[in-house]
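The values are calculated or read from the model by the stated rules, or taken from the named source; none is laboratory data. Quick caveat: nothing in here was measured; it's all calculated off a predicted structure. Reconstructed Cβ throughout: ideal geometry from the backbone, glycine too, with neighbour counts over all protein chains shown. When the accessible area is computed, the model is the full protein with side chains, heavy atoms only, and any ligands, DNA or RNA have been set aside. Shrake-Rupley method; radii C 1.70, N 1.55, O 1.52, S 1.80 Å.
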Amino acid sequence: MIDLQYAKKAFENYLNDYDRKNEKIKLKIVHTYGVMECSKKIAEDMKLSAEDCELAQLIGLLHDIGRFEQLKCYNSFEPGTMDHAAFGVRILFEERLIRRFVEEDKWDEIIKTAIGHHSDYCLKGIKQIRNEMNLYIQNAINENGNYR
């Protein structure tokens with residue numbers, strides 16, 4: 001199982017490197033926790049297993065982790081400044097930041113795929129069902145109301 005409290009604590013520690021008084025940072029924090037909660041609701045409504053519900057929430061928590069550095073460097077959400085999804089994958093998996101949030105590596109490929117493609121308009125070529133499910137959840141949340 002995924003320890004979501006552990007992941008949230010690690011996320012709060014990660015945020016210590018950013019100016020929480022900045023309105024855009026505050027907006028992304030609210031957005032992140034909102035996406036996490038919506039991910040839980042959608043996964044439960046889909047009657048997914050407890051593990052997949054937790055996985056959806058973890059992905060919701062981490063899906064925009066690249067946005068914080070984008071804001072720090074460019075003070076902008078504009079896609080031309082940085083590919084925040086690709087940057088999120090880079091820091092989580094190439095720089096191994098993912099181990100701060102979840103100790104096991106059994107979900108790494110699903111998390112990497114979901115975060116790397118969460119802002120794509122089209123999900124062609126994603127074959128693994130858990131990847132598809134988590135991408136569906138993240139895209140539904142991001143595109144339908146764009147949670148703050």
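As an exercise, take the mean of 1/r over every pair of distinct alpha carbons in the stretch 48-96, invert it, and state the Kirkwood radius in angstroms.
One decimal place: 11.7 Å for the Kirkwood radius.
Please give me the summed charge of the neighbours of residue 9: other residues whose Cβ is under 12 Å from its Cβ, Lys and Arg +1, Asp and Glu -1.
Local charge sum for residue 9: 0.
How much of the accessible area of the stretch 44-96, probe 1.4 Å, is carbon plus sulfur, in whole percent?
Carbon with sulfur: 48 percent of the solvent-accessible area.
With Kirkwood's inverse mean 1/r over C-alpha pairs for Rh, give me the Rg to Rh ratio of the stretch 1-89, two decimals please.
1.01
Using each residue's phi in the stretch 55-62, evaluate 6.51 cos²θ - 1.76 cosθ + 1.60 at θ = phi - 60° and report the 3J(HN,Hα) Karplus result to the nearest Hz, with x for Gly and Pro.
Karplus values, whole Hz, x for Gly and Pro: 4, 4, 5, 4, 5, x, 5, 9.
DSSP loop (so not H, G, I, E, B), at most 10 other Cβ within 10 Å: list which chymotrypsin sites (Phe, Trp or Tyr not before Pro) in the stretch 92-122 pass both filters.
Qualifying residues, ordered by number: 121.
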